[in-house]
Amino acid sequence: MMSVKDKVVVITGASSGIGAATAKLLVEQGAKVVLGARREEKLAAVAAQLPKDQVYYQVTDVTKLEDVKSLVQLAKKQFGKIDALYNNAGIMPTANLDEFHHDEWQNMLQINVMGVLNGIEAVLPLMKQQGYGHILATDSVAGHLVYPGSAVYCGTKFAVRAIMEGLRQEQKDNGIRSTIVSPGGVNTELYKSISDPQAAQDLVELWNEPNNSLNPEDVAQAVVYALGTPKHVTVSEILIRPTGQEL
């Protein structure tokens, strides 16, 4: 029987959306969580909804390796082990390439790609020492196909997909599993990272159409499913779309 009971899971991007929903579902099923994100007030609000003996949190910027290492150390100190790290932090500013949003490109690369690499670097030594572990990342349908206005975002998600497959191949003999969860449209705060107000509004309107968006809880269920599988089973990829999504 699949179970996450008593597992210790570190989650980045945990102050809202998929990260917060995953934390709540894990705790409901008996897991312990350590939450990281940049917004302390929202982190505290998520943690306040969970039993105190099952949750810790710490302000964490995933672009800073030392922040992520400190979050991992907190989990090890409080719970004695880490069963899984869920690299969930990400942003999705959209614009055509000829608009030259250089700073947004750089920020996306730092959060979406280096954030995942920082998570791997922070937790992998401990997992190798333990002889087991599970590293997950939120990827996207955009990591499987490319569409106009999102070339750089798609590029970051293709990169995550490649990195996580490389991790699987390199660490399989150490008992370390890797999983990417690739959602389509999810009704979260991700649209707030789009600098063009009209583009952000268009996305929100699209998500509000029937069958055109997932809820964070839908994705959380997929994450918990992957986490609950036995150690000899690796769910490498989960692709999950709203029923009405075209791409």
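The values are calculated or read from the model by the stated rules, or taken from the named source; none is laboratory data. Because the structure is predicted, anything quoted here is derived from the model rather than measured. For neighbour counting, all protein chains shown are included, and Cβ atoms are generated from backbone atoms with ideal geometry for every residue, glycine included. Only protein heavy atoms, including side chains, enter the accessible area calculation; ligands, DNA and RNA are left aside. Shrake-Rupley method; radii C 1.70, N 1.55, O 1.52, S 1.80 Å.
Within segment 1-46, the residues that satisfy the criterion of being charged (D, E, K, R) and not in a strand (DSSP E or B) are 5, 6, 7, 24, 28, 38, 39, 40, 41, 42. From the list 75, 89, 21, which residue is crowded, with 20+ Cβ neighbours inside 10 Å and either in contact with a Leu (Cβ under 7 Å, 6 or more places away or on another chain) or closer than 19 Å to residue 221 by Cβ (or both)? Answer to the check: 21.
Go through segment 68-94 and give me each residue that's closer than 19 Å to residue 136 by Cβ and in a helix (DSSP H, G or I). Talk me through it step by step, then tell me what you get.
Within segment 68-94, the first condition is being closer than 19 Å to residue 136 by Cβ, and the residues that meet it are 68-69, 71-72, 74-76, 79, 81-92.
Of everything in segment 68-94, those that are closer than 19 Å to residue 136 by Cβ and in a helix (DSSP H, G or I) turn out to be 68, 69, 71, 72, 74, 75, 76, 79.
Run residue 182 past the list (1) within 21 Å of residue 219 (Cα to Cα); (2) surrounded by 24 or more Cβ atoms within 10 Å (Cβ to Cβ) and report the number of the one that doesn't hold. Tallying (1) within 21 Å of residue 219 (Cα to Cα); (2) surrounded by 24 or more Cβ atoms within 10 Å (Cβ to Cβ), residue 182 fails exactly one: (2).
Does segment 131-179 hold any residues that are of a type in the set (Ser, Thr, Tyr) and surrounded by fewer than 24 Cβ atoms within 10 Å (Cβ to Cβ), and which are they?
Quick first cut of segment 131-179, residues of a type in the set (Ser, Thr, Tyr) only: 132, 138, 140, 147, 150, 153, 156, 178-179.
Within segment 131-179, 132, 147, 150 qualify.
Looking across segment 226-247, the residues that are closer than 14 Å to residue 137 by Cα and part of a helix (DSSP H, G or I) come down to 226, 227. For segment 233-247, taking the residues that are modelled with pLDDT under 95 and of a type outside the set (D, E, K, R), the one that is surrounded by the most Cβ atoms within 10 Å (Cβ to Cβ) is identified as 242. Only one of the numbered conditions (1) open to solvent by 10 Å² or more (accessible area, probe 1.4 Å); (2) assigned to a helix (DSSP H, G or I); (3) of a type outside the set (Phe, Trp, Tyr); (4) within 23 Å of residue 176 (Cα to Cα) is violated by residue 112, and that is (1). If only residues of segment 47-67 that are part of a helix (DSSP H, G or I) and over 28 Å from residue 125 (Cβ atoms) are counted, the one that is least open to solvent (accessible area, probe 1.4 Å) is 48.
For segment 33-42, a residue qualifies if it is over 16 Å from residue 116 (Cβ atoms) and surrounded by 24 or more Cβ atoms within 10 Å (Cβ to Cβ), and the qualifying residues are 33, 34, 35.
Within the group 75, 44, 23, which residue is farther than 24 Å from residue 176 by Cα, of a type in the set (A, V, I, L, M, F, W, C) and either modelled with pLDDT of 95 or more or out of contact with any Asp or Glu (no Cβ under 8 Å at 6 or more places or on another chain) (or both)? Before the answer, list the steps.
On the way: 75 fails: farther than 24 Å from residue 176 by Cα; 23 fails: farther than 24 Å from residue 176 by Cα.
Exactly one of 75, 44, 23 is farther than 24 Å from residue 176 by Cα, of a type in the set (A, V, I, L, M, F, W, C) and either modelled with pLDDT of 95 or more or out of contact with any Asp or Glu (no Cβ under 8 Å at 6 or more places or on another chain) (or both), namely 44.
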